[in-house]
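One structure is given here, and the rest of the page talks about it.
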Amino acid sequence: MKPFLLIKSFLSLVYLCLVSCSTAYQTMKFDKKTVPVKPNYSDSKSWAVLPGKYPDLLQNFEKIENNKKADVFYIYPTLLTDKKLKDWNADIWSPTIRNDVLQTAVKNQGTAWLNAGDLYVPFYRQVHYRIFVKDYGESGASAWEIAYRDVKNAFQYYLKHYNKGKPIIIASHSQGSMHAKRLIKEFFDQKPLQDKLVAAYLIGTRILPDEFESIQPMETPNAVGGFVSWNAYKMNKLPKDYKNWYQGGVTTNPISWDLQKSSQLNNHKGVLNKDMNIYPKSLSVKVNDGILWTSLPDIPGRFLLSLIRNYHFADINLFWKDIELNAISRVDAWYQKKSDENR
């Protein structure tokens, strides 16, 4: 149970433990009659975070409180993992679900973009983790569509009522990135809105180099209008499902943000650890095909972290400060590009 305890304390994304545990879930066939009540995005209660509706937990992270020049639309990962739960979709009105979104996903991940723009985080009826398990995935297809429909509806409401023409960052992880990929295809790729895209941080899932028609991987720190992606794993190790889930995917170096195949400790900006402190110069990386090999971080509790190989639960935490600074820089670069075009 030590790996479980580490994951729980470090990020609380307990679904990662399920990868190495038994995959026998209690479940039932999808039944639309049991689907939880849908969000109403005209009501602020359907949003985890809105500008002016920031929970107290964000106060220690926000440095730029007013006049942010961009918006960030963040889609959180799978948090619904209870093996005894038969439901396919999360009930966003459940206090437990709402607290998990805020205390786990927003606190540990969404905050990385908080100072790059106004943060928008919709509650959505995420799909249970079993969707990713071979024996269950097919029967959950309808549940997946419900989750994506919520994300899409939230984004449409955001565009109509909140955006007001500002440039946009799409930020996401795992299941969230899978929904974000589809969202980008529908709203940005070869669409007028593409001009407003600062960057898409599609982290924790495989994104192919030719995933989109006109939105490309970004290969410099100040590039705009494209995407970055990576899947973190223990140095020089490969997952058993490497070919099916990782190989061929775009692997950004989230320390150098360019085509460098490795980065050293001195260039790393900082891990956000379980104690909510930032630890800079604490890890190095190597870029492999579809996998970002990561050294054991020099942080408190690193011994326990050495017991696991898959760093998926910490894809964002490991590079939290690197992401924050890069996102701010890309917003500035977007405005500079527009200024140059208008001369």
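Tally time: how many residues in segment 124-157 are more than 16 Å from residue 180 (Cβ to Cβ), modelled with pLDDT of 95 or more and hydrophobic (A, V, I, L, M, F, W, C)?
1
Conditions first: (1) assigned to a helix (DSSP H, G or I); (2) touching a residue at least 40 places away in the same chain (Cβ under 8 Å). Residue 182 passes all but one, so which condition is the exception?
(2)
Kindly establish whether residue 119 is among the aliphatic types (A, V, I, L, M), within 19 Å of residue 46 (Cα to Cα) and surrounded by fewer than 21 Cβ atoms within 10 Å (Cβ to Cβ). Reasoning before the result, please.
Working: among the aliphatic types (A, V, I, L, M): yes; within 19 Å of residue 46 (Cα to Cα): yes; surrounded by fewer than 21 Cβ atoms within 10 Å (Cβ to Cβ): no.
Answer is no for this residue.
Have a look at 13, 6 and point out the one that is modelled with pLDDT under 55, in a helix (DSSP H, G or I) and either touching a helix residue (DSSP H, G or I) at 6+ places or on another chain (Cβ under 8 Å) or not β-branched (Val, Ile, Thr) (or both). Quick ask: steps written out before the conclusion?
Details: 13 fails: in a helix (DSSP H, G or I).
Sole residue among the options that is modelled with pLDDT under 55, in a helix (DSSP H, G or I) and either touching a helix residue (DSSP H, G or I) at 6+ places or on another chain (Cβ under 8 Å) or not β-branched (Val, Ile, Thr) (or both): 6.
Please go through segment 189-208 and give me each residue that is closer than 24 Å to residue 77 by Cα, surrounded by fewer than 19 Cβ atoms within 10 Å (Cβ to Cβ) and aliphatic (A, V, I, L, M), ordered by number.
208
Kindly list, by first and then second residue, each pair from a residue in segment 94-114 that is within 20 Å of residue 319 (Cα to Cα) to a residue that is surrounded by fewer than 20 Cβ atoms within 10 Å (Cβ to Cβ) and at pLDDT 95 or above, limited to pairs with Cβ atoms under 7 Å and residues at least 6 apart or on different chains.
none
Among the numbered criteria (1) surrounded by fewer than 18 Cβ atoms within 10 Å (Cβ to Cβ); (2) closer than 21 Å to residue 220 by Cα, which one does residue 324 miss?
(1)
Looking only at strands (runs of 3 or more DSSP E) that fall completely inside segment 209-317, which ones have 2 or more residues that are free of Cβ contacts under 8 Å to residues at least 60 places away in the same chain and surrounded by 15 or more Cβ atoms within 10 Å (Cβ to Cβ)? Please lay out each step first, then the result.
On the way: elements: 226-228, 232-234, 285-287, 292-294.
Once the strands (runs of 3 or more DSSP E) in segment 209-317 are filtered for at least 2 residues that are free of Cβ contacts under 8 Å to residues at least 60 places away in the same chain and surrounded by 15 or more Cβ atoms within 10 Å (Cβ to Cβ), what remains is 226-228, 285-287.
Answer yes or no as to whether residue 257 is among the aromatic types (Phe, Trp, Tyr), under 30 Å from residue 165 (Cα atoms) and more than 21 Å from the chain's Cα centre (by Cα). Let's see the steps before the verdict.
Details: among the aromatic types (Phe, Trp, Tyr): yes; under 30 Å from residue 165 (Cα atoms): yes; more than 21 Å from the chain's Cα centre (by Cα): no.
So residue 257 does not fit the description; no.
For segment 90-111, indicate whether the set of residues that are on the phi < 0 side of the Ramachandran plot, of a type in the set (A, V, I, L, M), under 17 Å from the mean Cα position of the chain (by Cα) and in a loop (DSSP other than H, G, I, E, B) is non-empty.
No, that holds for no residue.
Have a look at 301, 270, 248 and point out the one that is at positive phi and at pLDDT below 95.
Working: 270 fails: at pLDDT below 95; 248 fails: at pLDDT below 95.
It is 301.
Against the definition (among the aromatic types (Phe, Trp, Tyr), assigned to a loop (DSSP other than H, G, I, E, B) and either out of contact with any Cys (no Cβ under 6 Å at 6 or more places or on another chain) or touching a residue at least 12 places away in the same chain (Cβ under 8 Å) (or both)), how does residue 320 come out, yes or no?
Judged against the criteria, residue 320 is not a match.
With the requirement that a residue be touching a helix residue (DSSP H, G or I) at 6+ places or on another chain (Cβ under 8 Å) and part of a loop (DSSP other than H, G, I, E, B), what does segment 63-80 give you? Walk me through it before giving the result.
Filtering segment 63-80 down to residues touching a helix residue (DSSP H, G or I) at 6+ places or on another chain (Cβ under 8 Å) leaves 69-80.
Selection gives 69, 70, 76, 77, 78, 79, 80.
The values are calculated or read from the model by the stated rules, or taken from the named source; none is laboratory data. Everything numeric here is computed off the predicted structure, so don't read it as measured data. Note: ideal-geometry Cβ built from the backbone for every residue, glycine included; neighbour counts use all protein chains shown.
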